[in-house]
Ligand SMILES: Nc1ncnc2c1ncn2[C@@H]1O[C@H](COP(=O)(O)OP(=O)(O)OP(=O)(O)O)[C@@H](O)[C@H]1O
Ligand SMILES: [Mg+2]
(Lines give C-alpha, C1' and ligand atoms only; values in the text may rest on other atoms or scores of the structure.)
(Ligands and ions follow the chains in the order given, each with its own letter.)
Protein backbone atom coordinates (compact mmCIF):
# COMPACT_ATOMS: atom_id res chain seq x y z
CA UNK A 1 0.00 0.00 0.00
CA UNK A 2 1.39 3.41 -0.91
CA UNK A 3 1.14 6.45 1.32
CA UNK A 4 1.84 10.13 0.84
CA UNK A 5 4.58 11.67 2.97
CA UNK A 6 5.66 15.21 3.67
CA UNK A 7 8.31 14.77 0.99
CA UNK A 8 5.58 14.73 -1.60
CA UNK A 9 6.48 11.26 -2.77
CA UNK A 10 4.07 8.38 -2.51
CA UNK A 11 6.09 5.82 -0.64
CA UNK A 12 5.66 2.17 0.07
CA UNK A 13 4.72 1.14 3.55
CA UNK A 14 7.74 0.29 5.61
CA UNK A 15 8.53 -3.43 5.40
CA UNK A 16 7.79 -5.33 8.61
CA UNK A 17 10.69 -5.90 10.98
CA UNK A 18 12.81 -2.89 9.97
CA UNK A 19 14.07 -0.55 12.63
CA UNK A 20 15.03 2.68 10.84
CA UNK A 21 14.26 5.48 13.29
CA UNK A 22 11.97 8.21 11.91
CA UNK A 23 14.74 10.82 12.05
CA UNK A 24 16.93 8.83 9.66
CA UNK A 25 16.72 10.31 6.19
CA UNK A 26 18.85 7.81 4.31
CA UNK A 27 20.35 4.48 5.27
CA UNK A 28 22.50 1.95 3.44
CA UNK A 29 22.63 -1.63 4.57
CA UNK A 30 25.26 -4.15 3.42
CA UNK A 31 25.49 -2.22 0.16
CA UNK A 32 27.60 -3.81 -2.57
CA UNK A 33 28.27 -2.74 -6.11
CA UNK A 34 30.38 -4.66 -8.59
CA UNK A 35 31.26 -3.65 -12.12
CA UNK A 36 32.74 -5.87 -14.81
CA UNK A 37 35.45 -4.45 -16.98
CA UNK A 38 36.48 -7.16 -19.44
CA UNK A 39 37.50 -10.17 -17.36
CA UNK A 40 38.10 -7.97 -14.33
CA UNK A 41 35.63 -7.35 -11.53
CA UNK A 42 35.75 -3.95 -9.86
CA UNK A 43 34.20 -3.71 -6.41
CA UNK A 44 33.99 -0.07 -5.37
CA UNK A 45 31.42 -0.79 -2.65
CA UNK A 46 31.93 -3.97 -0.67
CA UNK A 47 29.55 -3.85 2.27
CA UNK A 48 28.60 -0.30 3.15
CA UNK A 49 26.51 0.36 6.27
CA UNK A 50 25.70 3.90 7.30
CA UNK A 51 22.87 6.25 7.97
CA UNK A 52 22.40 9.99 7.88
CA UNK A 53 20.07 11.78 10.24
CA UNK A 54 17.76 14.67 9.44
CA UNK A 55 19.64 17.97 9.30
CA UNK A 56 23.10 16.39 9.21
CA UNK A 57 25.81 17.41 6.77
CA UNK A 58 28.09 14.48 6.04
CA UNK A 59 31.11 14.50 3.79
CA UNK A 60 32.55 11.45 2.10
CA UNK A 61 36.21 11.54 1.16
CA UNK A 62 38.35 8.95 -0.55
CA UNK A 63 40.86 8.57 -3.36
CA UNK A 64 39.86 8.87 -6.99
CA UNK A 65 38.14 5.67 -8.09
CA UNK A 66 37.20 4.69 -4.53
CA UNK A 67 33.49 4.67 -5.38
CA UNK A 68 32.18 8.01 -4.06
CA UNK A 69 30.14 8.74 -7.19
CA UNK A 70 28.96 5.14 -7.31
CA UNK A 71 27.69 5.43 -3.73
CA UNK A 72 25.89 8.72 -4.36
CA UNK A 73 24.31 7.29 -7.51
CA UNK A 74 22.94 4.35 -5.51
CA UNK A 75 21.55 6.67 -2.83
CA UNK A 76 19.91 8.71 -5.58
CA UNK A 77 18.43 5.61 -7.24
CA UNK A 78 20.33 6.50 -10.41
CA UNK A 79 21.82 3.02 -10.35
CA UNK A 80 20.94 -0.22 -8.58
CA UNK A 81 23.11 -2.11 -6.08
CA UNK A 82 24.49 -5.57 -6.78
CA UNK A 83 23.17 -6.45 -3.32
CA UNK A 84 22.15 -4.73 -0.13
CA UNK A 85 19.60 -2.02 0.50
CA UNK A 86 19.07 1.72 0.47
CA UNK A 87 16.29 3.22 2.56
CA UNK A 88 14.88 6.71 2.20
CA UNK A 89 13.28 7.44 5.56
CA UNK A 90 11.63 4.07 6.23
CA UNK A 91 11.21 3.14 2.62
CA UNK A 92 13.25 0.61 0.73
CA UNK A 93 14.16 2.11 -2.66
CA UNK A 94 14.06 -1.32 -4.30
CA UNK A 95 10.36 -1.50 -3.46
CA UNK A 96 9.54 1.72 -5.30
CA UNK A 97 7.55 1.46 -8.49
CA UNK A 98 8.88 3.33 -11.56
CA UNK A 99 6.63 6.35 -10.97
CA UNK A 100 7.72 6.52 -7.32
CA UNK A 101 11.38 6.31 -8.30
CA UNK A 102 10.89 9.15 -10.77
CA UNK A 103 9.15 11.18 -8.06
CA UNK A 104 11.94 10.39 -5.57
CA UNK A 105 14.63 11.52 -8.01
CA UNK A 106 12.70 14.59 -9.08
CA UNK A 107 11.34 15.86 -5.75
CA UNK A 108 12.87 14.18 -2.70
CA UNK A 109 16.52 14.58 -3.62
CA UNK A 110 18.61 17.28 -5.19
CA UNK A 111 21.66 16.01 -7.06
CA UNK A 112 24.69 18.08 -7.94
CA UNK A 113 26.69 16.13 -10.52
CA UNK A 114 30.44 15.78 -10.57
CA UNK A 115 30.34 17.35 -14.05
CA UNK A 116 27.44 19.69 -13.61
CA UNK A 117 25.49 18.45 -16.67
CA UNK A 118 23.93 21.77 -17.57
CA UNK A 119 22.47 22.22 -21.03
CA UNK A 120 24.93 24.75 -22.47
CA UNK A 121 22.59 26.22 -25.09
CA UNK A 122 19.81 26.85 -22.61
CA UNK A 123 19.77 29.86 -20.29
CA UNK A 124 20.59 29.61 -16.60
CA UNK A 125 16.92 29.98 -15.67
CA UNK A 126 15.82 27.36 -18.23
CA UNK A 127 18.37 24.92 -16.78
CA UNK A 128 17.14 25.54 -13.23
CA UNK A 129 13.51 25.27 -14.34
CA UNK A 130 14.08 21.85 -15.95
CA UNK A 131 13.17 19.67 -12.91
CA UNK A 132 10.00 21.71 -12.43
CA UNK A 133 9.02 21.29 -16.08
CA UNK A 134 9.70 17.55 -15.85
CA UNK A 135 7.41 17.55 -12.79
CA UNK A 136 4.62 19.20 -14.80
CA UNK A 137 4.92 22.81 -13.59
CA UNK A 138 3.67 25.39 -16.14
CA UNK A 139 6.51 27.21 -17.94
CA UNK A 140 5.93 30.70 -16.54
CA UNK A 141 5.76 29.51 -12.93
CA UNK A 142 8.78 27.24 -13.45
CA UNK A 143 10.83 30.14 -14.82
CA UNK A 144 9.68 32.43 -12.00
CA UNK A 145 10.82 29.89 -9.39
CA UNK A 146 14.05 29.30 -11.31
CA UNK A 147 14.86 33.02 -11.20
CA UNK A 148 14.11 33.00 -7.47
CA UNK A 149 16.52 30.07 -7.06
CA UNK A 150 19.19 31.85 -9.08
CA UNK A 151 18.79 34.83 -6.75
CA UNK A 152 19.54 32.55 -3.80
CA UNK A 153 22.85 31.48 -5.35
CA UNK A 154 23.82 35.06 -6.26
CA UNK A 155 23.06 34.85 -9.98
CA UNK A 156 19.88 36.89 -10.29
CA UNK A 157 21.48 39.06 -12.96
CA UNK A 158 22.64 36.09 -15.08
CA UNK A 159 19.28 34.32 -15.39
CA UNK A 160 19.03 35.00 -19.13
CA UNK A 161 22.58 34.01 -20.00
CA UNK A 162 23.30 30.75 -21.78
CA UNK A 163 24.80 28.23 -19.35
CA UNK A 164 27.71 27.53 -21.71
CA UNK A 165 28.80 31.15 -21.45
CA UNK A 166 29.09 31.13 -17.65
CA UNK A 167 32.32 30.52 -15.71
CA UNK A 168 32.92 27.20 -13.92
CA UNK A 169 31.97 28.69 -10.55
CA UNK A 170 28.81 30.26 -11.98
CA UNK A 171 27.83 27.00 -13.67
CA UNK A 172 28.23 25.22 -10.36
CA UNK A 173 25.91 27.80 -8.75
CA UNK A 174 23.34 27.11 -11.47
CA UNK A 175 23.68 23.37 -10.85
CA UNK A 176 23.08 23.93 -7.12
CA UNK A 177 20.02 26.10 -7.81
CA UNK A 178 18.69 23.39 -10.13
CA UNK A 179 19.24 20.72 -7.46
CA UNK A 180 17.25 22.72 -4.92
CA UNK A 181 14.47 24.14 -7.09
CA UNK A 182 12.05 21.40 -6.08
CA UNK A 183 12.76 21.91 -2.35
CA UNK A 184 14.23 18.43 -1.77
CA UNK A 185 14.79 16.83 1.63
CA UNK A 186 18.17 15.39 0.74
CA UNK A 187 21.02 17.10 -1.11
CA UNK A 188 23.59 14.81 -2.72
CA UNK A 189 26.57 16.75 -4.08
CA UNK A 190 29.31 14.94 -5.98
CA UNK A 191 32.56 16.93 -5.86
CA UNK A 192 30.72 20.26 -5.89
CA UNK A 193 34.02 22.16 -5.67
CA UNK A 194 36.16 19.70 -7.64
CA UNK A 195 36.86 21.79 -10.73
CA UNK A 196 37.26 25.13 -8.98
CA UNK A 197 40.22 27.09 -7.70
CA UNK A 198 40.62 27.59 -3.96
CA UNK A 199 38.73 30.89 -3.74
CA UNK A 200 35.77 29.65 -5.76
CA UNK A 201 35.75 26.30 -3.95
CA UNK A 202 35.50 28.16 -0.65
CA UNK A 203 32.67 30.36 -1.98
CA UNK A 204 30.70 27.37 -3.29
CA UNK A 205 31.22 25.46 -0.06
CA UNK A 206 30.00 28.44 1.97
CA UNK A 207 26.97 28.66 -0.30
CA UNK A 208 26.18 24.98 0.28
CA UNK A 209 26.59 25.44 4.04
CA UNK A 210 24.19 28.40 3.92
CA UNK A 211 21.61 26.58 1.78
CA UNK A 212 21.92 23.45 3.93
CA UNK A 213 20.73 25.53 6.89
CA UNK A 214 18.21 27.80 5.17
CA UNK A 215 16.56 24.92 3.27
CA UNK A 216 16.67 22.61 6.33
CA UNK A 217 18.48 20.04 4.23
CA UNK A 218 20.15 16.79 4.99
CA UNK A 219 23.29 16.82 2.88
CA UNK A 220 25.89 14.32 1.72
CA UNK A 221 28.90 15.73 -0.10
CA UNK A 222 31.62 13.76 -1.84
CA UNK A 223 34.87 15.68 -1.96
CA UNK A 224 38.63 15.33 -2.31
CA UNK A 225 39.20 18.40 -0.22
CA UNK A 226 39.75 17.42 3.42
CA UNK A 227 39.94 21.04 4.51
CA UNK A 228 36.38 21.61 3.30
CA UNK A 229 35.19 18.11 4.21
CA UNK A 230 35.98 18.56 7.86
CA UNK A 231 33.52 21.45 8.15
CA UNK A 232 30.69 18.92 7.83
CA UNK A 233 29.09 17.47 10.95
CA UNK A 234 30.68 14.13 10.15
CA UNK A 235 33.37 12.90 7.77
CA UNK A 236 33.44 9.37 6.39
CA UNK A 237 36.24 7.80 4.38
CA UNK A 238 35.50 5.48 1.48
CA UNK A 239 38.41 3.21 0.67
CA UNK A 240 38.85 -0.43 -0.38
CA UNK A 241 35.08 -0.80 -0.62
CA UNK A 242 34.43 0.17 2.99
CA UNK A 243 33.16 3.33 4.66
CA UNK A 244 34.81 4.25 7.95
CA UNK A 245 35.02 7.22 10.30
CA UNK A 246 37.28 10.01 9.05
CA UNK A 247 38.62 11.03 12.46
CA UNK A 248 42.08 9.59 11.84
CA UNK A 249 42.41 11.03 8.33
CA UNK A 250 41.38 14.46 9.57
CA UNK A 251 43.99 14.51 12.31
CA UNK A 252 46.64 15.16 9.64
CA UNK A 253 44.83 17.97 7.84
CA UNK A 254 46.89 21.10 8.04
CA UNK A 255 46.21 23.44 5.15
CA UNK A 256 43.34 24.45 2.86
CA UNK A 257 45.03 22.67 -0.05
CA UNK A 258 45.08 19.33 1.77
CA UNK A 259 43.23 16.62 -0.04
CA UNK A 260 43.11 12.95 -0.85
CA UNK A 261 44.52 12.60 -4.32
CA UNK A 262 43.31 16.12 -4.97
CA UNK A 263 44.19 17.83 -8.22
CA UNK A 264 46.58 20.73 -7.78
CA UNK A 265 44.69 23.90 -6.82
CA UNK A 266 44.17 26.44 -9.59
CA UNK A 267 41.38 25.06 -11.77
CA UNK A 268 39.24 27.42 -13.78
CA UNK A 269 36.56 29.52 -12.10
N1 LIG B 1 29.53 1.99 -15.18
C2 LIG B 1 30.72 1.52 -14.81
N3 LIG B 1 31.24 0.41 -15.40
C4 LIG B 1 32.45 -0.09 -15.01
N5 LIG B 1 33.19 0.44 -14.00
C6 LIG B 1 32.69 1.53 -13.38
C7 LIG B 1 31.44 2.13 -13.75
N8 LIG B 1 31.23 3.19 -12.93
C9 LIG B 1 32.28 3.26 -12.12
N10 LIG B 1 33.16 2.26 -12.38
C11 LIG B 1 34.42 2.00 -11.68
O12 LIG B 1 34.14 1.96 -10.29
C13 LIG B 1 35.18 2.57 -9.55
C14 LIG B 1 34.60 3.71 -8.71
O15 LIG B 1 34.25 4.79 -9.55
P16 LIG B 1 33.66 6.15 -8.98
O17 LIG B 1 33.40 7.02 -10.15
O18 LIG B 1 32.51 5.84 -8.10
O19 LIG B 1 34.88 6.70 -8.10
P20 LIG B 1 35.03 8.09 -7.37
O21 LIG B 1 35.42 7.82 -5.96
O22 LIG B 1 33.80 8.90 -7.58
O23 LIG B 1 36.27 8.74 -8.13
P24 LIG B 1 36.60 10.29 -8.43
O25 LIG B 1 37.10 10.85 -7.11
O26 LIG B 1 37.67 10.25 -9.47
O27 LIG B 1 35.35 10.95 -8.89
C28 LIG B 1 36.21 3.02 -10.58
O29 LIG B 1 37.20 2.03 -10.66
C30 LIG B 1 35.42 3.11 -11.87
O31 LIG B 1 36.24 2.89 -12.99
MG1 LIG C 1 33.42 10.67 -8.50
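The values are calculated or read from the model by the stated rules, or taken from the named source; none is laboratory data. Only a predicted model underlies this, so the values are computations on that prediction, with no experimental measurement involved. Note that each Cβ is placed from the backbone with ideal geometry, even for glycine, and that neighbours are counted across all protein chains shown.
Of all the residues that make up the stretch 71-102, how many are part of a helix (DSSP H, G or I), more than 16 Å from ligand 2 (Cβ to nearest atom), touching a strand residue (DSSP E or B) at 6+ places or on another chain (Cβ under 7 Å) and within 27 Å of residue 177 (Cβ to Cβ)? Residues meeting the conditions: 2.
The set of residues in the stretch 192-211 that are touching a residue at least 40 places away in the same chain (Cβ under 8 Å), closer than 15 Å to residue 72 by Cβ and out of contact with any strand residue (DSSP E or B) (no Cβ under 6 Å at 6 or more places or on another chain) contains only 194.
Residue check: residue 115 meets all listed conditions (1) crowded, with 18+ Cβ neighbours inside 10 Å; (2) within 16 Å of ligand 1 (Cβ to nearest atom) but one, namely (1). Residues that are surrounded by 17 or more Cβ atoms within 10 Å (Cβ to Cβ), away from ligand 1 (no atom under 16 Å from the Cβ) and touching a residue at least 60 places away in the same chain (Cβ under 8 Å) within the stretch 26-85 comprise 26, 27, 52, 56, 57, listed in sequence order. For the stretch 175-254, the strands (runs of 3 or more DSSP E) that sit wholly inside it and include 2 or more residues that are in contact with a helix residue (DSSP H, G or I) (Cβ under 8 Å, 6 or more places away or on another chain) and within 16 Å of ligand 1 (Cβ to nearest atom) are 186-190, 218-222, 234-239. Restricting attention to the stretch 1-25, and to residues there that are surrounded by 18 or more Cβ atoms within 10 Å (Cβ to Cβ) and part of a loop (DSSP other than H, G, I, E, B), which single residue is modelled with the highest pLDDT? Within the stretch 1-25, the match that is modelled with the highest pLDDT is 20. Scanning the stretch 33-86 for residues that are in contact with a helix residue (DSSP H, G or I) (Cβ under 8 Å, 6 or more places away or on another chain) and on the phi > 0 side of the Ramachandran plot yields a count of 2.
What are the residues in the stretch 138-164 that are in contact (Cβ under 8 Å) with a residue 40 or more places away in the chain and either surrounded by fewer than 18 Cβ atoms within 10 Å (Cβ to Cβ) or over 23 Å from residue 197 (Cα atoms) (or both), if any?
Listed by number, the residues that qualify are 154, 162, 164.
Taking every residue in the stretch 221-242 that is within 15 Å of ligand 2 (Cβ to nearest atom) and pairing it with any residue that is part of a helix (DSSP H, G or I), at least 6 positions away or on another chain, the pairs with Cβ-Cβ distances below 6 Å are 222/68; 222/72; 223/229; 237/249; 238/68. Checking the stretch 120-133 against the condition returns no match, with no residue being within 16 Å of ligand 2 (Cβ to nearest atom), more than 24 Å from residue 214 (Cα to Cα) and surrounded by fewer than 16 Cβ atoms within 10 Å (Cβ to Cβ).
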